Amino acid sequence: GQQLNQSPQSMFIQEGEDVSMNCTSSSIFNTWLWYKQEPGEGPVLLIALYKAGELTSNGRLTAQFGITRKDSFLNISASIPSDVGIYFCAGPLSAGGGADGLTFGKGTHLIIQP
Amino acid sequence: DAGITQSPRHKVTETGTPVTLRCHQTENHRYMYWYRQDPGHGLRLIHYSYGVKDTDKGEVSDGYSVSRSKTEDFLLTLESATSSQTSVYFCAISVADTTYEQYFGPGTRLTVT
């Protein structure tokens with residue numbers, strides 16, 4: 001399957017700071033998804049991107065589909081304590097199309113220091 | 001809320017015993033998936049289903065089988081559990097054939113001793 005590399009692995013930030021994380025792929029994607037997972041729960045879909053160069057927001061979250069189609073970025077503005085969690089990028093497992101499963105990055109663990 | 005429930009939520013079993021995990025959805029979505037999540041590996045696809053009695057393998061299908069006899073239920077079976085199958089298992093659904101957006105259940109934590 002296609003491999004996704006997320007960075008950074010973890011982030012220690014102060015409340016109110018902006019956060020940036022990214023995800024790169026070894027091959028071209030036609031879809032990028034960003035999920036958030038909190039302890040003991042399943043991943044929750046935050047943003048879906050379908051077009052190279054696309055910039056999509058969901059409240060304080062903004063994600064971009066890189067123009068090379070091999071990367072995507074997630075930004076969180078003015079972080080608050082409830083932003084704590086693990087953020088995953090994901091994309092289609094195969095290039096064949098259809099809903100045949102996702103491949104995930106290993107996640108960025110966001111920790112907010114008081 | 002995508003109306004997905006998983007049972008059991010926690011299970012401890014011994015090596016060599018069979019285990020079945022259940023995923024139930026209330027909205028008649030065609031596509032359902034089983035993933036496992038392990039530290040350092042993110043989520044990996046085990047099997048998926050694109051309709052009743054229609055299933056296919058994912059990235060890490062060895063040691064697992066699935067069945068889907070009704071639209072609403074997707075079962076994952078470990079025929080003979082091994083310690084390497086200790087993991088958190090997530091079920092997911094896709095709301096349409098033409099989208100990759102998936103929605104996840106709450107997970108089942110399985111420990112094989």
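The values are calculated or read from the model by the stated rules, or taken from the named source; none is laboratory data. Small disclaimer: the values here were computed from a predicted structure and weren't measured. Reconstructed Cβ throughout: ideal geometry from the backbone, glycine too, with neighbour counts over all protein chains shown. Ligands, DNA and RNA are stripped out before the accessible areas are found, and what is left, the full protein with its side chains, is counted by its heavy atoms. Shrake-Rupley method; radii C 1.70, N 1.55, O 1.52, S 1.80 Å.
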Give me the net charge of A:LEU110's neighbourhood, meaning all other residues with Cβ under 11 Å from the Cβ of A:LEU110; Lys, Arg count +1, Asp, Glu -1.
-2
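Taking 2.2 N^0.38 Å as the expected size of a compact globular protein, what ratio does the Cα radius of gyration of chain B give against it, to two decimals?
For chain B, the normalised Cα radius of gyration is 0.99.
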With every protein chain present, what accessible area does B:THR98 have (1.4 Å probe, heavy atoms only), rounded to the nearest 10 Å²?
130
Summed residue charge, Cβ within 13 Å of B:SER87's Cβ, Lys/Arg positive, Asp/Glu negative:
+3
Fully extended contour minus Cα-Cα distance, from B:ARG109 to B:THR5, at 0.36 nm per residue:
36.1 nm
Net charge near B:ARG44: determine it from the other residues with C-beta under 10 Å of the C-beta of B:ARG44, scoring Lys and Arg +1 and Asp and Glu -1.
-1
Using a 1.4 angstrom probe on the protein heavy atoms only, line up B:VAL66, A:VAL84 by accessible area, largest first.
A:VAL84, B:VAL66
How do A:ILE28, B:ILE93 rank by accessible surface area computed with a 1.4 Å probe, from largest to smallest?
A:ILE28, B:ILE93
Per the stretch A:1-63, sqrt(5λ) over the Cα gyration tensor eigenvalues, sorted largest first, in Å, gives 21, 15, 14
Could you do me a favour and compute the accessible area per residue for the protein assembly as shown, 1.4 Å probe, result in Å²?
46
Mean separation of Cα pairs under 8 Å and 6+ residues apart, divided by the residue count of chain A: what relative contact order is that in percent?
37
Mind grabbing the base-10 log of I(q)/I(0) for the protein assembly as shown at q = 0.08 Å⁻¹? Debye formula, identical points on the C-alpha positions, no solvent, two decimal places.
-0.29
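Probe radius 1.4 Å, ligands and nucleic acids ignored: give me the carbon and sulfur share of the accessible area of the protein assembly as shown as a rounded percent. Provide the component values of the computation, followed by the final result.
On the way: 5200 of 10400 Å².
Within the protein assembly as shown, the accessible surface is 50 percent carbon and sulfur.
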How many nm separate the modelled label positions at B:LYS53 and A:ALA52, each set 7 Å beyond the Cα in the direction of the Cβ?
4.4
Kindly write out, for the stretch A:7-23 in residue order, the coupling ³J(HN,Hα) from the Karplus curve 6.51 cos²θ - 1.76 cosθ + 1.60 (θ = phi - 60°), rounded to whole Hz, with x marking Gly and Pro.
8, x, 5, 8, 9, 10, 10, 8, 4, x, 6, 8, 10, 10, 9, 9, 9
Quickly work out the B:GLU14-to-B:ASP38 label distance, labels modelled 7 Å from Cα along the C-beta direction, and quote it in nm with one decimal.
2.4
Could you compute how much accessible surface A:LYS51 exposes when probed at 1.4 Å, giving the result in Å² to the nearest 10?
140
Quick one: order A:MET11, A:MET21 from most to least accessible surface, probe 1.4 Å.
A:MET11, A:MET21
Cα centre as origin, Lys/Arg/Asp/Glu Cβ charges: chain B dipole, Debye:
240
Using only alpha carbon pairs under 8 Å that are at least six residues apart, calculate the relative contact order of chain B and give it in whole percent.
36
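On average, how many beta carbons from a partner chain sit within 10 Å of the beta carbon of a residue in B:89-96?
Working: counts 0, 4, 1, 5, 1, 5, 1, 1.
Neighbouring Cβ atoms belonging to other protein chains average 2 per residue here.
Checking the a/c ratio against 1.5 first, then a/b against b/c, what shape does the Cα gyration tensor give for chain A?
Numbers: a/c = 2.01, a/b = 1.66, b/c = 1.21.
Since a/c reaches 1.5 and a/b is larger than b/c, the shape of chain A is classed as prolate.
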List the accessible area buried at the contact between B and A, summed over both sides and calculated with a 1.4 Å probe, in Å² to the nearest 100.
1800
Expressed as a whole-number percentage, the relative contact order of the stretch A:1-52 with C-alpha contacts under 8 angstrom and at least six residues apart is 30
Average other protein chain Cβ within 10 Å of Cβ, residues A:35-45:
5
With all protein chains present, calculate the accessible area of B:ASP56 using a 1.4 Å probe and round the result to the nearest 10 Å².
70
At what distance in nm do the modelled label points of A:GLN3 and A:ALA78 sit from each other, each positioned 7 Å from its Cα along Cα→Cβ?
4.0
